[in-house]
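> One structure, as structure tokens, below. Some questions next.
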Amino acid sequence: MYKEFFGLRANPFNVNPDPRYLFLTRHTEEALACLTYGIQSRKGFVLLTGEVGTGKTTLINKLLEWLRVQQVATAFVFNSRLNVPQFLDYMMADFGIVCDSSAKSQILLRLYNWLLDRYRAGETAVLIVDEAQNLSDEVLEEIRMLTNLETFTEKLLQIVLVGQPELEHKLRQPQLRQLKQRLTLRAKTHPLTGDETRAYVQQRLRIAGSNGQEIFDAGAIEALFRYSGGIPRVINLLCEHCLVSAFVDQQKVIGATVVESVARDFDLSTNPTSAPLTTPGPAGANGKAEQFDLADALRSLATLAERLRESEGDKDLPTERKL
Ligand SMILES: Nc1ncnc2c1ncn2[C@@H]1O[C@H](COP(=O)(O)OP(=O)(O)O)[C@@H](O)[C@H]1O
Ligand SMILES: [Mg+2]
């Protein structure tokens, strides 16, 4: 196993949104603060957007952890293909509210009474909806109706809507204007800068048990940033494959050539306009380079995902499971 070879206890670059690995950048901290503030001050409705792979679900899992500690009731809907009755059923079940009737009016009444009880006890309830860019207009309209559950002074249900930037565009459509008008707070996730990429990789290695010995050298980190555009999910996929490849070659330190070769396997290309390591990356101030970088990184991500799916049945590709 490569873990032993590199002195690690766990696999550092899993692509699941594990909040134990949360790396806090200024943007992530701001987003988390915005979400917790919105909920604590019962703002009613908060939006979290960001490009795919930039850490929205990871951040939400962190928020859910925090809410559980505060003993706040939560429902987390992550299947955006639900129709309205399924959506309501799922939400009620996740809140743990039993409702004998399947009539919408009865479900909403039961929810309202439950929320009022909680409100009287000084508690709130939070509904989080992930991948909301894929929700149908009907479900989004239903969510808007849920924001009507209020007393004279306070919102009874706090709603966090999470999605890719298309969600912002969607909310601009005339039929969803009313929903947009209810939005009181907006939070965003961003790709990492070059410096953050270095710290991100080091932090994940440390949490996975590394004793601080160098595994990715400076050139490797720079290459990781160039090929990933600072998108954590792409960084993870590249790092994971670099570790496997270096293990196969019994190489303790990974240099730029390993990253380049893995990136080539995945058909990733660097962007000639991408910023050097020490300046802000795709989230930086240079608008044009920023857009270009991001488009490139997203194309890379799509290719990676495709390759990964293909590789599931590919015996030649070394994966940790097979080692
Ligand atoms: N701030 C972060 N700290 C730690 N890991 C992160 C962070 N952002 C993203 N990741 C990692 O990148 C991958 C994709 O993150 P995810 O939360 O699923 O992104 P999104 O929901 O925006 O598509 C996951 O493996 C996650 O662990
Ligand atoms: Mg997600």
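> So, residue 61, is that one within 16 Å of ligand 1 (Cβ to nearest atom), without any contact (Cβ under 8 Å) to a residue 12 or more places away in the chain and not hydrophobic (A, V, I, L, M, F, W, C) or not?
no
> Does residue 167 satisfy being modelled with pLDDT of 90 or more, under 30 Å from residue 41 (Cβ atoms) and more than 21 Å from the chain's Cα centre (by Cα)?
Taking the combined requirement at face value, the residue does not satisfy it.
> Quick one: residue 80 ticks every box in (1) within 16 Å of ligand 1 (Cβ to nearest atom); (2) part of a loop (DSSP other than H, G, I, E, B); (3) farther than 27 Å from residue 168 by Cβ except a single one, so which number is it?
(3)
> Okay, next question. Which of (1) buried (at least 19 other Cβ atoms within 10 Å of the Cβ); (2) modelled with pLDDT under 95; (3) assigned to a helix (DSSP H, G or I) is the odd one out, the single condition residue 258 does not satisfy?
(2)
> Now for a different question. Hey, among 177, 226, which residue is among the basic types (Lys, Arg) and either modelled with pLDDT of 90 or more or crowded, with 19+ Cβ neighbours inside 10 Å (or both)?
On the way: 177 fails: either modelled with pLDDT of 90 or more or crowded, with 19+ Cβ neighbours inside 10 Å (or both).
The conditions single out 226.
> Follow-up question, since we're still on this one. Kindly indicate whether any position in the stretch 189-199 is more than 30 Å from residue 14 (Cβ to Cβ) and modelled with pLDDT of 90 or more.
No: the stretch 189-199 contains no residue that is more than 30 Å from residue 14 (Cβ to Cβ) and modelled with pLDDT of 90 or more.
> Only residues that are out of contact with any strand residue (DSSP E or B) (no Cβ under 9 Å at 6 or more places or on another chain) and more than 26 Å from residue 70 (Cα to Cα): list them for the stretch 110-143, please.
Answer for the stretch 110-143, where residues must be out of contact with any strand residue (DSSP E or B) (no Cβ under 9 Å at 6 or more places or on another chain) and more than 26 Å from residue 70 (Cα to Cα): 136, 137, 138, 141, 142.
> I'm checking my understanding of the structure. Among residues of the stretch 103-135 that are part of a loop (DSSP other than H, G, I, E, B) and farther than 18 Å from residue 182 by Cβ, which one is farthest from the chain's Cα centre (by Cα)?
Top of the filtered list is 103.
> Considering only the stretch 80-87, I want to know if a residue exists there that is within 16 Å of ligand 2 (Cβ to nearest atom) and either over 13 Å from the mean Cα position of the chain (by Cα) or surrounded by fewer than 20 Cβ atoms within 10 Å (Cβ to Cβ) (or both).
Yes, the stretch 80-87 contains a residue that is within 16 Å of ligand 2 (Cβ to nearest atom) and either over 13 Å from the mean Cα position of the chain (by Cα) or surrounded by fewer than 20 Cβ atoms within 10 Å (Cβ to Cβ) (or both).
The values are calculated or read from the model by the stated rules, or taken from the named source; none is laboratory data. Every value quoted in this text rests on a predicted model; they were computed, and no experiment measured them. All Cβ positions, glycine included, derive from the backbone under ideal geometry; neighbour counts span all protein chains shown.
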